[in-house]
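Data first, discussion second: the structure below is written as structure tokens.
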Amino acid sequence: MMKKYRLYVITFWITFVFLMVSFFGIFYCASVGYLGEMPDFRQLENPKTNFASEIISSDNKILGKYYFNDNRTPISFDEINTKTIEALIAIEDERFYSHPGIDLKATIRAIVFLNTRGGASTISQQLARQLFVGVRSRNIFQAIIQKIKEWVIAVKLEKQYTKEEIITMYLNIYDFGYYGDGIKSASNIYFSKEPIDLNIEESAMLVGMLQNSSLYDPIRRPEITKKRRDLVLMQMAKNNYISEKDKDSLQNLPLELNYTPQSHRQGLATYFRSYLRGFMKDWTENNLKKDGSKYNLYVDGLKIYTTINSKMQRYAEESVKEHMINLQKEFFIQNDTVSSAPFTDLEEDQEEAIMKRAMRRSERWRKSKLAGKTNDEIEESFNIPTNMNVFTWDGDVDTLMSPIDSIRYYKHFLRAGMMSMNPKNGHVMAWVGGIDYRNFQYDHVMLSKRQIGSTFKPFLYATAIDQLKLSPCDMLPDLIHCIEPYKYGNPEPWCPTNSSDKYGGMRTLSNALANSKNTISAQLIDRVGPRPVANLARNLGVSSNIPNVPAIALGTPDLSVYEMVGAYGAFANKGIYVKPIMVTKIEDKNGTIVYQSKPETRDVLSEESSYVTLKLLEGVTKFGSGARLRHDIPEDERNYVYKNVVTGYPYKFDNAIAGKTGTTQNQSDGWFIGMVPNLVTGVWVGGEDRSVHFKEIAYGQGATMSLPIWGLFMKKCYEDEELQVSKEDFEEPEVLSIELDCSKVLPVESESDESDINDLLGIGK
């Protein structure tokens with residue numbers, strides 16, 4: 001009996017020693033890499049993680065990010081809400097602060113009860129799996145090896161980092177779904193908040209997702225996500241992080257999300273972010289890291305500080321949407337029974353050429369070509385009805401439509417471009433390049449160049465004021481004026497007419513500009529010559545081609561919204577041109593400034609000439625084509641245009657506003673550029689093709705197509721007092737030799753301002 005007992009004891013100790021040696025042997029083998037590659041000291045010190053580059057607004061809001069697969073922005077421990085940390089410890093690792101990376105008690109429990117009473121994976125182990133081990137294998141032997149490696153790495157991490165650093169790394173690296181890589185991205189996407197601002201229930205939901213973000217998806221599976229959240233809250237109460245009373249009240253709350261996607265095609269300032277991508281591409285090509293390597297916009301975690309104000313950007317996008325929905329509705333009504341819609345005044349072969357060009361530029365054509373199909377085969381495929389999802393202002397719609405019909409359908413949509421800038425420092429505050437980036441990605445702020453019409457006339461008037469010292473009160477006859485052939489290179493006589501076909505009498509320069517009288521513009525360009533006018537525009541930042549011909553007086557050049565807003569800014573800035581700035585500085589992921597913007601300025605006009613030009617442009621909004629910003633027609637006297645198309649009317653502005661409308665031939669382009677002392681905003685509206693336009697000027701003029709967007713935007717800005725958009729008068733120069741008060745010098749009566757307003761705005765019609 002004694003011998004048998006001794007045999008049991010010896011067998012036990014031999015087995016125990018064998019198991020211990022095996023256990024530690026396996027750990028040793030894992031630590032030295034015999035069970036597979038293990039991270040070395042340098043990898044543990046600097047775990048490789050891709051960080052998204054952030055686009056930051058002037059009011060410190062995240063406008064968007066650039067990333068490949070990882071929309072991740074690292075934050076420090078101090079930037080994480082305390083309740084988030086408590087929730088994490090309560091549900092994932094109750095003894096986190098007392099174990100060395102392996103929770104022995106939890107491990108034994110998991111082995112004995114086969115994980116039925118909770119797992120044993122610590123936060124350190126989960127971090128190890130995320131950083132170095134990867135997805136758990138379905139092969140049981142490989143899974144065991146992975147677990148052992150996690151244990152070893154977890155212990156090493158605990159030696160290398162503090163507990164706070166481990167928690168921070170874990171929350172920074174986890175993928176919460178919907179491009180929510182890390183707690184910062186997840187907080188912004190699901191709640192539109194920074195991590196520090198999360199409520200207890202919001203923290204609990206995000207922490208609950210750590211177990212399996214695909215399973216606990218609050219968008220697709222809100223019910224089970226809430227159950228998981230409530231379990232986290234229960235564990236928080238169990239660990240005395242919250243009271244039982246608080247737990248009960250919080251569990252009764254529904255999931256309340258403020259879902260804000262952060263994909264490249266969604267969110268705020270999408271067109272600006274697209275422009276910025278090109279800016280950063282050029283910058284990374286020409287600016288290297290200290291080690292000589294190139295910055296990678298998508299993984300290096302750059303912080304790009306922009307001039308965009310998030311509030312103004314939102315107001316601008318809202319204003320564009322509000323008006324364009326209204327305007328588009330009217331455009332569809334007017335084209336409902338037109339067989340050639342949306343094209344106007346085109347021959348059949350011209351229409352066909354436009355459609356073929358659009359077809360060959362399409363993604364469908366490109367993919368078909370890559371597939372080896374012939375042109376005839378591809379064209380035939382465009383006539384076959386296909387299930388597709390199309391854009392409408394009421395939301396995307398699933399429909400059956402042939403690809404060629406879908407091209408024609410999208411051609412119907414009027415496009416818009418809008419930019420707002422502080423003229424004092426050149427900071428671009430808002431940038432709206434189109435109506436919907438997902439479906440219309442061409443940028444109408446920087447890339448698109450369209451005929452500018454009468455918005456070019458202030459350059460002509462400013463030149464005349466600067467050269468000839470003309471006053472707004474100076475008068476010229478409202479008669480057709482011809483410039484003889486070859487005087488300025490024009491081969492034939494140039495005799496522009498007024499759009500109203502009305503002539504006679506004398507007009508002040510103020511009245512002539514306010515009412516866009518082409519006869520007066522012809523006389524002025526004849527007196528100063530086209531070259532000085534073109535030179536002025538170039539000095540004001542216009543880089544597009546401006547020919548030295550008389551026709552520029554009527555706005556024949558094709559320019560961008562970006563160029564026009566930058567140029568007009570000089571009028572509001574005492575004649576000093578400031579090149580528009582979109583990026584103020586760039587920091588690397590360590591916070592080191594690697595780029596700092598430098599203002600580019602130049603004196604272009606005298607302070608007196610620019611101020612006089614401003615006063616002329618104020619006249620446009622007082623008694624000219626921009627007067628609907630101020631006047632108010634009684635509701636029962638408003639015509640169809642005012643009731644149905646001029647969105648937001650009446651605006652009832654009573655502060656100093658300088659501006660100019662512009663309408664091109666056939667109403668293909670409608671412009672309005674408006675200024676107050678600290679904000680210049682330009683708006684363009686038109687079709688993708690110039691043959692897409694309203695037939696009547698009442699609908700297609702700048703005062704109808706573009707001015708309402710400006711009016712809506714400014715009303716929103718003025719209602720937000722934090723923006724401090726000026727309502728003051730433009731600052732008058734200390735020395736002003738040009739007379740501005742026409743009542744003191746006018747001996748002759750001019751045509752009535754009231755009559756001009758009626759003609760321009762259709763009042764009473």
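Structure summary
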| read-out | value |
| --- | --- |
| Pairs, first in the same structural domain as CYS482 (by TED's automatic domain parsing) and more than 13 Å from GLY489 (Cβ to Cβ) in region 521-533, second among the basic types (Lys, Arg) and assigned to a helix (DSSP H, G or I), C-beta under 8 Å, six or more apart | SER521/LYS457 |
| Any hit, region 478-488, residues being surrounded by 16 or more Cβ atoms within 10 Å (Cβ to Cβ) and closer than 26 Å to GLY541 by Cα | yes |
| Yes/no for PHE672 being modelled with pLDDT of 95 or more and of a type in the set (Phe, Trp, Tyr) | yes |
| Qualifying residue in region 573-593 (condition: surrounded by fewer than 21 Cβ atoms within 10 Å (Cβ to Cβ) and of a type in the set (Asp, Glu)) | yes |
| Failed condition for TRP283, given (1) more than 26 Å from TYR178 (Cβ to Cβ); (2) surrounded by fewer than 13 Cβ atoms within 10 Å (Cβ to Cβ) | (2) |
| Selection status of SER448, at pLDDT 90 or above, more than 27 Å from PRO342 (Cβ to Cβ) and either assigned by TED's automatic domain parsing to the domain that holds ASN573 or over 34 Å from the mean Cα position of the chain (by Cα) (or both) | no |
| Residue satisfying all of: in region 258-277; among the small types (Gly, Ala, Ser) and modelled with pLDDT under 90; nearest to ALA186 (Cα to Cα) among these | SER263 |
| Subset tally (residues that are in a helix (DSSP H, G or I) and either among the acidic types (Asp, Glu) or buried (at least 23 other Cβ atoms within 10 Å of the Cβ) (or both)) for region 491-535 | 14 |
| Test for SER609: is it buried (at least 23 other Cβ atoms within 10 Å of the Cβ) and either within 27 Å of the chain's Cα centre (by Cα) or not in a helix (DSSP H, G or I) (or both) | no |
| Region 266-301 - residue that is among the small types (Gly, Ala, Ser), free of Cβ contacts under 8 Å to residues at least 40 places away in the same chain and in a loop (DSSP other than H, G, I, E, B) and, of those, farthest from VAL432 (Cα to Cα) | GLY292 |
| Any chance LYS238 is farther than 30 Å from ASN439 by Cβ and either surrounded by 16 or more Cβ atoms within 10 Å (Cβ to Cβ) or modelled with pLDDT under 90 (or both) | no |
| From the options ILE308, ILE354, ILE325, ILE304, residue that is over 30 Å from ILE581 (Cβ atoms), hydrophobic (A, V, I, L, M, F, W, C) and either touching a strand residue (DSSP E or B) at 6+ places or on another chain (Cβ under 9 Å) or without any contact (Cβ under 8 Å) to a residue 60 or more places away in the chain (or both) | ILE354 |
| Residue in region 692-710 that is surrounded by 18 or more Cβ atoms within 10 Å (Cβ to Cβ), touching a Phe, Trp or Tyr at 6+ places or on another chain (Cβ under 6 Å) and among the hydrophobic types (A, V, I, L, M, F, W, C) present | yes |
| Count - residues of region 216-250 that are hydrophobic (A, V, I, L, M, F, W, C), part of a loop (DSSP other than H, G, I, E, B) and in contact with a helix residue (DSSP H, G or I) (Cβ under 7 Å, 6 or more places away or on another chain) | 1 |
| Per-region count, region 391-412, residues assigned to a loop (DSSP other than H, G, I, E, B), closer than 19 Å to SER339 by Cβ and not small (Gly, Ala, Ser) | 1 |
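The values are calculated or read from the model by the stated rules, or taken from the named source; none is laboratory data. The structure displayed is predicted, hence computed values, not measured ones. Heads up, the Cβs are rebuilt from the backbone with ideal geometry, glycines too, and the neighbour counts pull from every protein chain shown.
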